[in-house]
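In what follows, a single structure is set out as C-alpha cells and then discussed.
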Amino acid sequence: MAVLKHEAHGLRVTLPARARVGRVSDCAVRLRDRCASGEHAVLSWDGARWCVRDLGSTNGTHVRGRRLAFAERVPVDAGTELVFGGDAERWVLEEAGPPVASARAEQSGEVREAEQGLLALPDAADPRVTLFEDRHGRWQVEIDGITRPAVDQERVEAGGVWVLRVPPRTADGALPTTASNATTPKFLGVTVLRFEVSQDEEHIALSLVQGARVTQLTERAHHELLLLLARARLGDRDLGLPAAEQGWRFVDELLARLRVDLHHLNVNVFRARRQLARAGVVDAGAVIERRTTTRQLRLGTEAIEVIRS
C-alpha cells in the first residue's frame with residue numbers, strides 16, 4: 001500500500017498501481033496550485049518498488065530537491081519528498097508498499113496485507129471479514145454474508161477493530177496485484193472448473209483447464225461445496241433458466257446438505273477462493289457469488305465440467 005501525503009494540509013491519497021498526478025479532474029492525485037500542469041507526473045509500481053516520472057510539466061517535478069528531466073523515471077521510497085510545480089504542491093511518500101489492500105489493527109497497529117487478491121480478518125481460520133479483488137479490479141468486502149464495495153479508511157469489526165486500506169482501481173482496469181503474482185494468469189469463465197467425482201462420491205478431484213493446460217488441485221474439503229454449487233448451476237441450465245438466475249441456492253439449504261454450521265460454510269468459501277488464487281486465478285474472489293438480500297450463494301462461473309471417474 002502506498003500513501004502520498006500533502007505536507008501542508010495533511011491530505012492523504014492511497015495510490016493505485018499507476019497514479020497520474022496533475023490538475024485535471026481524473027488524476028488520482030489532484031493538484032490545485034496553478035504552477036502545476038494538467039497532467040504533471042505519474043507514480044507507478046514496477047513490481048518491486050515505486051517510481052515517479054515527469055510528463056513534461058511546465059515547472060517540473062522535484063525529487064529530493066532535484067528537478068527531473070522530461071520522461072526521467074526515478075525510484076522513490078517511503079519518506080521521499082516530491083514537489084510538483086511549486087512549494088504549494090509539496091508531498092511526501094508516507095508509505096511505499098505494493099498496491100494491495102491491507103488492514104491495520106486499531107489497537108495493536110498490526111498490518112495485514114492481501115495475498116493473491118485475498119485478505120481474511122481476523123485470520124483465515126476465522127474469516128469474519130473478507131477482502132477480495134473482483135474480476136473488474138475492484139476491491140470488495142464481505143461481512144456476515146453481505147458483499148459490497150470496500151471503502152478506503154473504513155473501520156470494521158473482526159475480533160477487534162481494523163482500518164481498511166483499499167487502493168483505487170487503475171484507470172485501465174488492470175489487476176496488477178493479482179495478475180503480477182501468476183506466471184500464467186487464469187480468469188474465471190476462460191478457465192474451466194473440471195470436477196472428477198468417484199462413483200461413491202467420496203473423492204472429488206478438481207482441475208483448472210485452459211486449453212491443453214490442466215492444473216490439478218490438491219483435494220480439499222471445500223470441493224464438496226464447489227461441486228454442490230456446480231451441479232446446481234448445471235441443473236438450472238438444463239432447465240432453461242437464464243444465466244443470471246442459474247445456480248442460486250439458499251444458505252440454509254447448503255448448511256443442511258453439507259452438514260456444517262454457518263462459520264464452517266464461510267471458512268470453506270474463503271478456502272475455495274484462496275486455493276484458486278494460489279493456483280493463479282486472478283479473479284478467484286468471484287468464484288463464489290452472494291445475493292445478500294436473500295442469503296443465497298452460487299458458483300460464479302458457467303465454465304464447469306462434472307465427470308464420473
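The values are calculated or read from the model by the stated rules, or taken from the named source; none is laboratory data. The shown structure was predicted, so the numbers you read here are calculated from the model rather than taken from an experiment. Neighbour counts are summed over all protein chains in view; Cβ atoms, including those assigned to glycine, are modelled from backbone coordinates with ideal geometry. Heads up: the accessible areas ignore ligands, DNA and RNA and are worked out on the full protein's heavy atoms, side chains in. Shrake-Rupley method; radii C 1.70, N 1.55, O 1.52, S 1.80 Å.
Among the residues of the range 73-89, the ones that are open to solvent by less than 50 Å² (accessible area, probe 1.4 Å) and assigned to a loop (DSSP other than H, G, I, E, B) come to 3 in all.
For the range 38-89, enumerate the residues that are among the polar types (S, T, N, Q) and farther than 18 Å from Thr14 by Cα. Of everything in the range 38-89, those that are among the polar types (S, T, N, Q) and farther than 18 Å from Thr14 by Cα turn out to be Ser57, Thr58, Asn59, Thr61. State whether one or more residues within the range 188-202 are in contact (Cβ under 8 Å) with a residue 60 or more places away in the chain, part of a loop (DSSP other than H, G, I, E, B) and closer than 14 Å to Thr301 by Cα. For the range 188-202, residues in contact (Cβ under 8 Å) with a residue 60 or more places away in the chain, part of a loop (DSSP other than H, G, I, E, B) and closer than 14 Å to Thr301 by Cα: present. Scanning the range 171-203 for residues that are at pLDDT 85 or above and on the phi > 0 side of the Ramachandran plot yields a count of 2.
Scanning the range 204-212 finds one or more residues that are open to solvent by 80 Å² or more (accessible area, probe 1.4 Å) and modelled with pLDDT under 95.
Leu241 satisfies every condition listed in (1) under 27 Å from Ala114 (Cβ atoms); (2) open to solvent by 20 Å² or more (accessible area, probe 1.4 Å); (3) at pLDDT 95 or above except (1). In the range 43-65, the count of residues that are buried (at least 18 other Cβ atoms within 10 Å of the Cβ), touching a Pro at 6+ places or on another chain (Cβ under 7 Å) and in a loop (DSSP other than H, G, I, E, B) is zero. The set of residues from the range 26-42 being loosely packed, with under 14 Cβ neighbours inside 10 Å and either closer than 17 Å to Val83 by Cβ or without any contact (Cβ under 8 Å) to a residue 40 or more places away in the chain (or both) comprises Arg32, Arg34.
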